[in-house]
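Structure record follows, encoded as structure tokens.
Every number in this text was worked out from the coordinates using simple rules, so none of it is lab data. All figures in this text were calculated on a predicted structure; none of them were measured in a lab. Cβ coordinates were reconstructed from backbone atoms using ideal geometry, including for glycine residues, and neighbour counts include every protein chain displayed.
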């Protein structure tokens with residue numbers, strides 16, 4: 001059989017059979033090239049003394065706990081949501097919901113330097129890899145020792161984003177200053193950009209007009225009884241915690257707003273376990289007028305910062321601004337404890353922007369690991385639009401739709 005000839009521009013015809021043969025040769029050796037590159041990468045990892053271990057299942061967090069403590073004690077948990085206490089509390093909730101914790105531990109010369117805590121589960125029908133603790137955690141990140149470098153985080157990512165365990169990686173609520181943020185900027189698509197306002201507590205409390213307004217609100221609340229502000233921790237926080245969840249749950253139900261944590265027994269129990277754990281850092285701040293609770297807040301304390309996880313006010317006192325008074329008292333409490341930051345978390349609602357002295361960017365990240373993962377990625381990208389559509393519905397219709405979904 002003779003060669004096939006292909007056309008050229010301004011030149012003689014080119015024999016195609018040799019070209020096709022060359023392409024065939026490349027196709028034949030491509031798997032060997034890929035295998036060689038992987039082997040070379042593993043060789044380089046061994047030369048650095050790197051090793052990667054993956055713990056999977058209900059006891060995955062327990063298996064990783066010794067390494068976790070070492071990294072956390074070295075300052076490797078940037079927020080309270082990466083602590084071992086949160087991981088232990090969340091792991092049981094995941095298992096109860098049929099999800100599988102999967103913890104990646106990277107070591108160099110047998111010393112743990114990075115931990116990537118994930119959970120594998122089905123998301124809208126697609127196998128997906130998420131941060132361990134999602135949807136409870138409000139910031140997602142990797143744990144990294146001070147000496148951790150890009151190669152350690154890359155090794156953790158390679159093991160965590162394994163197509164054998166998910167068609168998609170979906171990592172929510174990553175701060176712009178998270179240790180994992182630069183890697184995710186290269187490997188994933190950023191979605192749902194938000195801001196998390198915060199108050200720098202080295203600023204003085206409210207003054208001038210703001211102080212006068214706060215005084216006016218205090219006087220209005222005091223008409224219902226003497227004001228009493230308290231902060232609860234450990235076992236003493238359990239009853240106020242349940243009270244806060246009940247108040248917030250009623251508020252959400254009245255407005256037909258969904259929550260994957262509030263009203264979910266598994267996740268509410270996880271918060272209770274965290275409250276009872278001395279390492280958990282969970283606190284409940286409560287403001288009362290007489291015998292009645294008017295505002296309440298669940299928070300986590302971590303490394304000189306207070307993370308305002310959930311706030312709720314009792315509707316019949318709403319016109320007196322109990323939330324503003326409770327938050328002002330909470331910030332005074334934080335200053336007295338020497339905290340530097342009062343983190344209001346995302347999203348940046350108007351009252352948070354007014355109160356905040358700054359903010360940090362927060363976004364979700366996703367990547368398709370297989371062809372079917374691309375469809376899942378499209379669904380993830382459509383979530384903000386779907387949420388806007390749901391929020392635009394009348395509250396009664398939203399409540400009816402949510403009730404139908406739960407039925």
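Please compute the contact order of the stretch 135-224 in relative form: average sequence separation of alpha-carbon pairs under 8 Å and at least six residues apart, divided by the residue count, as a percent.
Relative contact order, the stretch 135-224: 34 percent.
Normalised by the residues of the stretch 77-121, what does the relative contact order come to in percent, with Cα pairs under 8 Å and at least six apart? It comes to 29 percent, rounded to a whole number.
Counted residue by residue at 0.36 nm each, then reduced by the alpha carbon distance between them, the extension gain from residue 56 to residue 392 reaches 116.9 nm. Each residue, residue 210 and residue 73, gets one label point 7 Å from its Cα in the Cβ direction; the gap between the two is 4.1 nm. Extension gain, residue 162-residue 254: 0.36 nm per intervening residue step, less the Cα-Cα distance, totals 29.0 nm. By the count of neighbouring beta-carbon atoms within 10 Å, fewest first, 337, 172 end up ordered 337, 172. For the stretch 203-339, the relative contact order comes to 27 percent (Cα pairs under 8 Å, sequence separation of at least 6).
Computed from the C-beta positions of residue 246 and residue 109 and an R0 of 56 Å, the FRET efficiency is 0.65 to the nearest 0.05.
In terms of the Cα gyration tensor, with a ≥ b ≥ c the square roots of its eigenvalues, is the stretch 203-339 rounded because a/c is under 1.5, prolate because a/b exceeds b/c, or oblate? Display every interim value, and only then the final one.
Details: a/c = 1.91, a/b = 1.26, b/c = 1.51.
Oblate shape, in that a/c is at least 1.5 and b/c is the bigger or equal ratio.
Taking label positions 7 Å along the Cα-Cβ direction at both residue 122 and residue 236, the computed distance is 4.6 nm, reported to one decimal.
In plain terms, the chain from residue 351 to residue 381 could stretch by 8.1 nm, reckoned as 0.36 nm per residue minus the Cα-Cα distance. Translational diffusion coefficient of the stretch 61-161 (Stokes-Einstein, Kirkwood radius from Cα pairs, 37 °C, 0.692 mPa s): 242 µm²/s.
Is the C-alpha gyration tensor of the stretch 246-317 telling us rounded, prolate or oblate? Criteria: a/c under 1.5 is rounded; beyond that, a/b larger than b/c is prolate, otherwise oblate. The shape class here is oblate. Among 288, 173, the ranking by other beta carbons within 10 Å of each residue's beta carbon, starting with the fewest, stands as 288, 173.
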